[in-house]
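Read through the structure below, which is laid out as structure tokens, and then see the notes.
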């Protein structure tokens with residue numbers, strides 16, 4: 001399995017040499033496998049967003065290396081624009097960065113900056129907006145007259161249209177209604193499955209992580225606290241609670257069910273799987 | 001890009017100037033400006049310089065901090081001094097005469113006076129107001145000092161409220177700007193290369209979201225204020241009531257006396273002063 005991104009001995013320290021010295025990230029070693037979805041979870045202030053801004057070279061680590069398919073992204077600082085087109089980053093509440101007259105021209109801002117030809121830009125805009133659930137009619141409208149959820153889709157499409165090899169999303173579904181969450185995260189997963197993009201999703205929602213992620217990276221106080229497959233991480237409930245994190249609600253339900261001897265397994269993380277488990281339990285009784 | 005912006009360089013402390021009633025400080029500020037600008041003779045200039053030194057000393061602001069705050073003004077100071085040095089046409093023979101460059105004795109005097117005057121203005125006002133008065137105290141003081149204008153229907157409270165809201169939102173907007181810059185950078189936006197026109201155009205993706213969010217924040221704030229029954233200044237009480245005590249009045253009277261003294265010192269020459277002192281003793 002190749003790694004799309006690899007972090008080696010990464011530390012980010014603010015105010016080095018002053019009394020305000022603060023290590024935002026401390027000796028991080030981790031990797032993000034190509035073509036998979038890695039979820040990053042962690043309590044507020046654990047360094048998730050700082051980590052995200054390192055991945056496309058927006059900020060420079062105080063120590064350590066960020067390797068994109070084996071290459072150090074800081075090797076040629078002048079070609080950082082190239083790196084940024086290969087590692088797309090969608091910030092928290094990206095809807096506040098929209099600026100252009102129409103949705104279409106806003107989505108094409110990134111591809112245009114990459115210097116792509118017009119017909120290629122058009123193709124990419126169409127593709128990105130389809131996966132983000134934007135209709136042809138919406139492309140012609142002003143981004144400022146859309147609803148919050150629609151704006152979010154436009155902003156994500158704006159980064160998706162750059163067709164990055166790695167796509168990092170900081171809380172892509174925060175503040176959306178359940179249907180909107182499902183559509184956005186589902187659309188991204190579908191896109192990933194077709195194009196083999198590596199996805200990194202930062203989220204506070206254990207349900208979203210359980211539903212979509214393949215691997216989980218747990219951050220605590222600027223360090224990698226746990227790392228592994230979804231099953232492996234959610235098995236260790238106690239350790240998660242220590243990091244002020246939680247389990248998906250459905251898993252907590254199954255732990256309670258097991259205590260009452262109503263079912264056998266507690267490794268149930270998604271509602272779909274829970275349904276099957278319950279059906280099994282009912283038929284066996 | 002905006003990392004170097006420092007604003008409201010309030011320097012927390014508990015010095016005499018920090019403890020002085022901000023309203024008194026505002027009045028002293030006006031007197032101080034008059035004093036520095038009026039001082040013309042050597043004696044008056046020395047007095048104003050000594051008083052500036054006194055203000056700096058009692059402010060408790062570290063000298064290195066002061067120097068740092070005055071640094072951006074080096075060019076203006078140097079320019080003023082040079083213009084005064086070369087372009088003052090004085091009486092008698094020039095001291096230096098080199099082609100069209102003529103330096104007179106009065107030119108040197110003007111240059112030095114101007115330099116000291118500007119430096120005093122900058123350092124004096126900053127220790128008197130910006131370093132030792134928090135922005136909130138300042139707006140409260142302005143509201144209070146200007147409150148007589150309410151009689152002629154000037155919306156003093158509204159101005160003060162606008163000022164404190166504006167000050168409050170400067171850091172928020174800077175943070176917002178940095179976020180937007182990062183977001184557009186992540187979309188491969190390039191702010192650092194190209195000619196002037198291209199760079200100006202590159203600012204559009206920053207400015208439009210910034211304006212949009214400023215307007216949005218303003219609307220939210222207005223709603224939040226209305227929800228908490230804000231209805232203007234009438235009958236509104238303050239969390240911190242400003243009080244003047246004896247020390248403040250002593251300070252005010254002293255500064256007033258110094259200002260009056262400077263007016264007199266301007267008319268006196270050294271010999272007159274010496275004679276005056278001789279008369280006393």
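The values are calculated or read from the model by the stated rules, or taken from the named source; none is laboratory data. Nothing here was measured: the structure is a model prediction, and the numbers come from that model. For neighbour counting, all protein chains shown are included, and Cβ atoms are generated from backbone atoms with ideal geometry for every residue, glycine included.
Quick notes
- Segments classed as helices (runs of 4 or more DSSP H), wholly inside segment B:88-201, with at least 1 members that are modelled with pLDDT of 85 or more and within 14 Å of another protein chain (Cβ to nearest Cβ): B:156-186
- Tally of residues being touching a helix residue (DSSP H, G or I) at 6+ places or on another chain (Cβ under 6 Å) and either closer than 19 Å to residue B:187 by Cα or crowded, with 22+ Cβ neighbours inside 10 Å (or both) across segment A:113-156: 15
- Counted residues, segment B:203-235 - those being within 29 Å of the chain's Cα centre (by Cα), exposed (fewer than 12 other Cβ atoms within 10 Å of the Cβ) and within 28 Å of residue B:151 (Cβ to Cβ): 1
- When residue B:116 is tested against the conditions (1) surrounded by 15 or more Cβ atoms within 10 Å (Cβ to Cβ); (2) over 28 Å from the mean Cα position of the chain (by Cα), the lone failure is (2).
- Residue A:200 within 15 Å of the chain's Cα centre (by Cα), under 29 Å from residue A:152 (Cβ atoms), in contact (Cβ under 8 Å) with a residue 40 or more places away in the chain and part of a helix (DSSP H, G or I): no
- Residue in segment A:265-276 that is crowded, with 21+ Cβ neighbours inside 10 Å, touching a residue at least 40 places away in the same chain (Cβ under 8 Å) and touching a strand residue (DSSP E or B) at 6+ places or on another chain (Cβ under 9 Å) present: no
- Segment A:78-125, subset part of a loop (DSSP other than H, G, I, E, B) and within 7 Å of another protein chain (Cβ to nearest Cβ), residue nearest to residue A:203 (Cα to Cα): A:91
- Residue ID - surrounded by the fewest Cβ atoms within 10 Å (Cβ to Cβ), chosen from residues in segment A:157-188 that are touching a residue at least 40 places away in the same chain (Cβ under 8 Å), more than 14 Å from every other protein chain (Cβ to nearest Cβ) and over 19 Å from residue A:124 (Cβ atoms): A:175
- Test: residue in segment B:11-20 that is within 30 Å of residue B:173 (Cβ to Cβ), in contact (Cβ under 8 Å) with a residue 12 or more places away in the chain and in a helix (DSSP H, G or I): yes
This table checks each residue for (1) on the phi < 0 side of the Ramachandran plot; (2) modelled with pLDDT of 90 or more.
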residue: A:176; (1), (2): yes, no
residue: A:183; (1), (2): yes, yes
residue: A:214; (1), (2): yes, yes
residue: A:223; (1), (2): yes, yes
residue: A:244; (1), (2): no, no
residue: A:273; (1), (2): yes, no
residue: A:276; (1), (2): yes, no
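- Meets criteria (out of contact with any helix residue (DSSP H, G or I) (no Cβ under 6 Å at 6 or more places or on another chain) and assigned to a loop (DSSP other than H, G, I, E, B)) for residue B:239: yes
- Residue under evaluation residue A:65, criteria (1) closer than 22 Å to residue A:158 by Cα; (2) in contact with a strand residue (DSSP E or B) (Cβ under 8 Å, 6 or more places away or on another chain), criterion not met: (1)
- Failed item in (1) touching a residue at least 24 places away in the same chain (Cβ under 8 Å); (2) within 16 Å of residue B:182 (Cα to Cα); (3) surrounded by fewer than 17 Cβ atoms within 10 Å (Cβ to Cβ), with residue A:60 passing the rest: (1)
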